[in-house]
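Values in this text are rule-based calculations from the coordinates and carry no lab data. Predicted, not measured: the structure shown is a model, and the values here were computed from it. Quick reminder, even Gly has a Cβ in these numbers, built from the backbone with ideal geometry, and neighbours come from all protein chains shown.
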Ligand code: NAD
Ligand code: FES
């Protein structure tokens, strides 16, 4: 059997820190469904990074990933170019998104979370829903996938915190406006930073609108073995990698997840600073 080399075919800068990569991964491309993710390693001794599969082309055997440079490894990944390759790409992982014909669905992407909501909005549109999408970012430069989201939506609202593009305000302001002007949607999917997903769930809780969020806890193996990705949903302990990543927003313990995700913040900062220093004295970007 010939093993795939996970070659990067193309890269594109979408925003100052956000890169789209098209990667050869034929087996993954053939099997993936909306909501699935992969775990990639950029270097043989590097950490394992979970990334949502944004799109795929089963015929060409490629998948699309979108990465925001935040820590050491994501900086390494966004520094890769066409012709480079990942050491491994494991997937598709996670449960596919629950998609059916609900009626009217609001899909919300906050910041780089728009990369994760895009395949879901696309699948919901194909399933026959009326899709209203909200894409929010801090400022105009950070709005991503506006055209792609417009193509899979019946209506698209863009928001920026500073008003530099689209409506001024948070995605939750746009959601409240839609609910008051158009009535309750049949479902809401919201993906972005945890405070955003928590805020969306508070908007939809009292009107009783079913709402899904995609959780991004720390992950290691991605197969339900290590327990790193545990989250509390209602009174149950769940593993986001095998039970999720999507869950009923009204049952998620966001406070616990926000606190758990901060656990290694100091170490991540140290690793990034050490890597930046080492690259200043080396030509190699894959340290
Ligand atoms: P950001 O902080 O710039 O926020 C993006 C938008 O979300 C804002 O413009 C605003 O409209 C909305 N928002 C943010 N905080 C809000 C609040 N308290 N109330 C209402 N709306 C709010 O986004 P970013 O910097 O692109 O986000 C990066 C974060 O997203 C990282 O922490 C990353 O881990 C997380 N993320 C999560 C997922 C996921 O699957 N859940 C996927 C990718 C990234
Ligand atoms: Fe190990 Fe989910 S990442 S159990």
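Structure summary
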quantity: The chain, relative contact order [Cα under 8 Å, separation at least 6], %; calculated: 15 percent
quantity: Relative packing of 154-161, 63-70, 180-187, which averages over residues the other C-beta atoms within 10 Å, highest first; calculated: 63-70, 154-161, 180-187
quantity: With 10 Å bins from 0: P(r) over segment 1-109, alpha-carbon pairs, percent; calculated: 14, 46, 30, 9, 1
quantity: Fewest-first ranking of 213, 99, using other Cβ atoms within 10 Å as the exposure measure; calculated: 99, 213
quantity: For 145, 272, order by how many other beta-carbon atoms lie within 10 Å, fewest first; calculated: 272, 145
quantity: Antiparallel DSSP beta bridges within the chain, percent to nearest 5; calculated: 60 percent
quantity: Overall form of segment 197-287 per C-alpha gyration tensor (a/c, 1.5; a/b vs b/c); calculated: prolate
quantity: Within segment 123-160, backbone nitrogen closer than 15 Å to the virtual label 7 Å beyond the Cα of residue 59 toward Cβ; calculated: none
quantity: Compactness index (Cα Rg / 2.2 N^0.38 Å), the chain; calculated: 0.98
quantity: Relative contact order (%) - segment 58-122, alpha-carbon pairs under 8 angstrom, separation at least six; calculated: 23 percent
quantity: Segment 116-245 shape via C-alpha gyration tensor axes, a/c threshold 1.5; calculated: prolate
quantity: Whole-angstrom gap from segment 58-86 to segment 87-106, using each part's C-alpha centre; calculated: 20 Å
quantity: Within a Gaussian network of the chain (alpha carbon springs, distance under 10 Å), most fluctuating of 218, 77, 179; calculated: 179
quantity: Ranking of 43, 13, 22 by count of other Cβ atoms within 10 Å, fewest first; calculated: 13, 43, 22
quantity: Between segment 230-246 and segment 20-49, the Cα center-to-center distance that results, in Å; calculated: 22 Å
quantity: Paramagnetic reach from residue 225 in segment 23-55 [backbone N under 18 Å; point 7 Å along Cα→Cβ]; calculated: 38-41, 45-50
quantity: Kirkwood Rh, angstrom, segment 124-178 [1 / mean 1/r, Cα pairs]; calculated: 11.4 Å
quantity: 222 nm mean residue ellipticity, helices alone, for the chain (DSSP H n ≥ 4; -39,500 (n - 2.57); rounded to 500); calculated: -8500 deg cm²/dmol
quantity: Computed over segment 207-280: relative contact order in percent, which uses C-alpha pairs under 8 Å that are six or more apart; calculated: 29 percent
quantity: Expected-Rg normalisation [2.2 N^0.38 Å, Cα atoms] applied to segment 13-60; calculated: 1.25
